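Chemist: My questions all concern the structure below.
Just so you know, all these numbers are worked out from the coordinates, no wet-lab data involved. Because the structure is a prediction, the values reported are computed rather than measured. Here the Cβ positions follow ideal geometry from the backbone for every residue, glycine too, while neighbour counts run over all protein chains shown.
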Amino acid sequence: MKYLIIGTIISLVVAFIFVRLRPYLQLIRKVVTALNSSTQVTTAPRERSPSKNKLVRCDGCGTWVPADRVFQLKAGMATYCSRECMTKNVESREQKLVG
Ligand SMILES: [Zn+2]
C-alpha cells in the first residue's frame, strides 16, 4: 500500500513537471525546427542556383553573364553578354576571315 501511494505521488510529480516543462520543450522544438529550416533555406538556393542562374562566359569580352540574360548566336554555341559584344565579335571574326 505504501509503495502504491509513493508511486502515484511520483507519477503525479512527473506529470506536473512534464506539464510545466511542456511549453519549454515546445519552445526548444520550435527553435530546433527554426534552426533546421534556416539552414535549409541558406543551403537550398545554392543547390538550386547553378541550374537556374547559370553563369555563361562571354566569348567577346570574357565576363560572366547569367544564362538567361545571355546573347547567343543561332549558328554556333558562342554566347555574349550584350548585342554590342556579339556584333563586335562577329565583325572581328569576319575581318579575320577576310584578312
Ligand atoms: Zn561581352
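Chemist: With +1 assigned to the C-beta of every Lys and Arg and -1 to the C-beta of every Asp and Glu, and no other charges, what is the dipole magnitude of the range 53-99 about the Cα centre in debye, to the nearest 20? Provide the component values of the computation, followed by the final result.
Modeler: Details: 8 positive and 5 negative charges, 19 e Å.
Roughly 100 debye, rounded to the nearest 20.
Chemist: Along Cα→Cβ, 7 Å out, is where each label goes; now give me the distance between the ones at residue 53 and residue 6 in nm to one decimal.
Modeler: About 6.6 nm separates the two model spin labels.
Chemist: While we're on this one: Non-local amide H neighbours of residue 56 (under 5 Å, H modeled in plane, Pro and chain starts lacking H): which ones?
Modeler: Amide H neighbours of residue 56, under 5 Å, 5+ apart: 65, 67.
Chemist: Please say if the range 53-99 is rounded, prolate or oblate, where rounded means a/c under 1.5 for a ≥ b ≥ c the square roots of the C-alpha gyration tensor eigenvalues, and otherwise the choice is prolate for a/b larger than b/c and oblate otherwise?
Modeler: On the way: a/c = 2.67, a/b = 2.16, b/c = 1.23.
Note, shape of the range 53-99 comes out prolate.
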